[in-house]
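The values are calculated or read from the model by the stated rules, or taken from the named source; none is laboratory data. No experiment lies behind these values; they were computed from the predicted model shown. FYI the Cβ positions are ideal-geometry reconstructions off the backbone, even for glycines, and counts take in every protein chain you see.
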Amino acid sequence: MKLPRFLLALLLLPGLALAQDMVTRDGITLTQPQENRAEAIGDQLRCLVCQNESIEESSAGLAKQLRVIIRQQVVQGVPSKEIMRYMVQRYGIFVLLKPPVSPLTWLLYASPFIAMLGGFLLFWLGRRARANPVTPLSQAEQARLDELLK
């Protein structure tokens, strides 16, 4: 009787080892490399609700839905670039945490420099306006001032 249990245990052992390498997240079971790839993709995408967090960090419902979509596509074997392209097509370039430099994002990347240039221009114009010398009082004006101050 003990021998069949031993053989059964030997047959199940590889399955247990394989099961330990599997990860279940958001209701989808993936291998550890697939999960790592899904997390890497999710770290590059912005949560559309939180806006300053990746979908991997966010607890918003939409972020969870996006994580499920990514994991489903990773399990199906879709390349990472295709998954990113799909997300950009569906949600726009705003979904990328680090959007590429393109005509659409030039203003985004140039805005700090434009703000600094505008601040310098305002500072320079303010200094220039104050730089006009004050004309001294004439003798009549000085006499009138002295009379008022007495």
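Filtered by the rule that a residue be surrounded by 15 or more Cβ atoms within 10 Å (Cβ to Cβ) and modelled with pLDDT under 85, the range 27-49 gives a lone residue, ILE28.
With the structure loaded, tell me whether GLY126 is loosely packed, with under 12 Cβ neighbours inside 10 Å, over 16 Å from ILE41 (Cα atoms) and either assigned by TED's automatic domain parsing to the domain that holds ILE41 or without any contact (Cβ under 8 Å) to a residue 24 or more places away in the chain (or both) or whether it fails that test. When the stated conditions are applied, GLY126 passes them.
In this structure, is ARG67 in a helix (DSSP H, G or I), out of contact with any Pro (no Cβ under 8 Å at 6 or more places or on another chain) and not assigned by TED's automatic domain parsing to the domain that holds ILE41? Walk me through how you get there before you give the answer.
Working: in a helix (DSSP H, G or I): yes; out of contact with any Pro (no Cβ under 8 Å at 6 or more places or on another chain): yes; not assigned by TED's automatic domain parsing to the domain that holds ILE41: no.
So ARG67 fails the test.
Among the conditions (1) out of contact with any strand residue (DSSP E or B) (no Cβ under 8 Å at 6 or more places or on another chain); (2) in the same structural domain as VAL49 (by TED's automatic domain parsing), LEU107 misses just one, which is (2). Of all residues in the range 56-68, those satisfying the criterion of being within 14 Å of MET87 (Cβ to Cβ) and touching a residue at least 12 places away in the same chain (Cβ under 8 Å) are GLU56, LEU62, ALA63, LEU66, ARG67, VAL68.
Selection of first residues in the range 96-111 that are touching a residue at least 24 places away in the same chain (Cβ under 8 Å) and of second residues that are among the basic types (Lys, Arg) and surrounded by 10 or more Cβ atoms within 10 Å (Cβ to Cβ), restricted to Cβ pairs under 8 Å at least 6 apart or on distinct chains, gives the following pairs, ordered by first then second residue: LEU96/ARG46; LEU97/ARG46. Please verify whether LEU117 is within 30 Å of ILE93 (Cβ to Cβ) and exposed (fewer than 10 other Cβ atoms within 10 Å of the Cβ), treating the condition exactly as stated. In short, no. Search the range 61-101 for residues being small (Gly, Ala, Ser) and under 17 Å from the mean Cα position of the chain (by Cα), and hand back the single one that is surrounded by the most Cβ atoms within 10 Å (Cβ to Cβ). That would be ALA63. Looking across the range 110-150 at every residue that is under 60 Å from the mean Cα position of the chain (by Cα) and in a loop (DSSP other than H, G, I, E, B), the one that is farthest from PRO100 (Cα to Cα) is identified as PRO136.
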